[in-house]
């Protein structure tokens, strides 16, 4: 069994395609079960954010796993596997672990160093646990990823600038309409992204109004930030007084139409309006960008800026912090690999010792048959001596095989030990080796594709 990561992200796909992958909670649950009910996926975790949809899975075979996961992703997007193929990235084994750690640390985000993805990964792991789609293989990997993400943020200055997708988007809004202090801001949506937007706006001195499909959620969020809650139906009227509109509802269709914004603009005496759409699929009709006085900031704009500036426009993180974060990720990945390899060799060591014990017991029984008159004291001393000799002979090879198995390089010392002593537990190892051979020999670029 091996770890496989398959998905698409802002690095490989346009926002229009990412919108097709928007997943509700029910969609995530359906995808999890569809994955593990396939022929090749034993465990699965689905990370779906506004910038990526990725599946981390424990699979029996590389190609079979890629095929199963790709089919589920294609179904979710309403496309064919062939249509998605140019945008899909695949990571395998150690590269999949490193990629997951990199994502958890915020190093693969549109805004480098943001922390929201760590919470999204935590929620994805919790959902997979609830649905029973993670087990002994993915549990330690997901838990280590969460620990790595938290450690990177705690021990480096990667989030020193407080960067997030929300704060960067609001920076763009301020560049168009000026300082937000004392300005009226309307936030549509009271979920995790809406809460982050409302909190950030309040910290910047804005007067925040919250509208949500669930009015109780809007009231809770408004109370937490010292703002005001309104019914979602009244949000259109609030646009007349607002300087900034932030929409992030997670709805499947347009929430704010061009006509709604146009109507509000006619009553504003030419006052500009910054519209920030952080939803996927988009909440705001893109046509609002053509209205006089309206400045639209959306995920497509942020993605374009990132591509144009190679990440610098939305990455205020110091280069030294990024280097330190990557070094920490590599160290944690190496530690996890060593732990896994030590755990993998344990059955071989146990089998070898069990086989030796059986041989010793058989020979002592044979001695008893041949020398039935041997006094008990001498018999006990002979038994202790034989067992002591066997223990000393096995000590060095068993210690060394554990040490050598934790060293990168690909040599299967445990397999060699099994073959030399005829331990008879080669079947599973042979299966894993075949999977790895498929990945490296048949399709090496896909196995280690970039994020």
Margin query: Tell me the label only: which of (i) 58, 21, 19; (ii) 61, 23, 20; (iii) 31, 27, 20 is semi-axes √(5λ) of the Cα gyration tensor in Å as calculated from this structure?
Written below: (i)
Item checked: Cβ-Cβ FRET estimate between residue 154 and residue 375, R0 fixed at 60 Å, reported to 0.05 -> 0.35
Notebook entry, point to check: Using alpha carbon coordinates only, what is the Rg to Rh ratio of the stretch 2-161, with Rh defined as the Kirkwood radius?
Noted result: 0.94
Next item on the list: Write down the radius of gyration of the stretch 164-291 and its Dmax, each obtained from C-alpha positions, in Å.
Entry: 13.0, 35
Next item on the list: Quick one: compute the contact order of the chain, relative version, from alpha carbon pairs under 8 angstrom and 6+ residues apart, as a percent.
Entry: 16
Item checked: Whole-angstrom gap from the stretch 82-109 to the stretch 223-254, using each part's C-alpha centre -> 35
Margin query: Which residues does the label zone of residue 71 cover in the stretch 5-45, counting backbone N under 15 Å from a point 7 Å along Cα→Cβ?
Written below: 31-42
Next item on the list: Rank these for me by crowding, 125, 87, 92, going from fewest to most other beta carbons within 10 Å.
Entry: 87, 125, 92
Next item on the list: Please work out the FRET efficiency for the pair residue 24 and residue 338, using the Cβ-Cβ distance as r and a Förster radius of 35 Å; give the result to the nearest 0.05.
Entry: 0.35
Next item on the list: Using only Cα atoms, find the angle between the long axis of helix 62-77 and the longest principal axis of the chain, and express it within 0 to 90 degrees, rounded to the nearest 10.
Entry: 20
Checklist line | Nearest-ten-degree value, helix 192-203 long axis tilted from longest Cα axis of the chain | finding: 60
Next item on the list: Please give the length that would be gained between residue 330 and residue 234 if that part of the chain were fully extended, namely 0.36 nm times their separation in residues minus their C-alpha to C-alpha distance (nm, one decimal).
Entry: 29.5 nm
Notebook entry, point to check: Working out 0.36 nm times the residue gap between residue 136 and residue 350, then minus their Cα-Cα distance, what length gain in nm do you get to one decimal?
Noted result: 75.1 nm
Check: Per the helix-only calculation at 222 nm, which mean residue ellipticity applies to the chain, given -39500 (n - 2.57) for every DSSP H run of n ≥ 4 and division by its residues, nearest 500 deg cm²/dmol?
Finding: -17500 deg cm²/dmol
Next item on the list: Could you tell me how many degrees, from 0 to 90 and to the nearest 10, lie between the Cα long axis of helix 319-370 and the main elongation axis, the longest principal axis, of the Cα atoms of the chain?
Entry: 20
Margin query: At 7 Å along Cα-to-Cβ for each site, give me the label-to-label distance between residue 263 and residue 412 in nm.
Written below: 6.9
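How do the peptides 324-331, 351-358, 376-383 rank, highest first, by the average count of neighbouring beta carbon atoms within 10 Å per residue? Mind dumping the intermediate values first?
Numbers: 324-331: 17.1, 351-358: 14.4, 376-383: 11.6.
The densest-packed peptide leads the list: 324-331, 351-358, 376-383.
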Next item on the list: May I ask you to order 142-148, 221-227 by the average number of other C-beta atoms within 10 Å around their residues, highest value first?
Entry: 142-148, 221-227
Checklist line | Förster radius 60 Å - calculated FRET efficiency between residue 394 and residue 123, Cβ distance, rounded to 0.05 | finding: 0.80
Item checked: Amide N proximity, the stretch 382-396 versus residue 359 label position 7 Å along Cα-to-Cβ, cut-off under 17 Å -> 383-396
Item checked: Net lengthening on full extension, residue 383/residue 271 (0.36 nm per residue, minus Cα-Cα) -> 30.8 nm
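No lab work stands behind these numbers, since they all come straight from the coordinates. Computed from a prediction, not measured in an experiment: that's the story for all the values here. We place every Cβ from the backbone using ideal geometry, glycine too, and count neighbours over all the protein chains shown.
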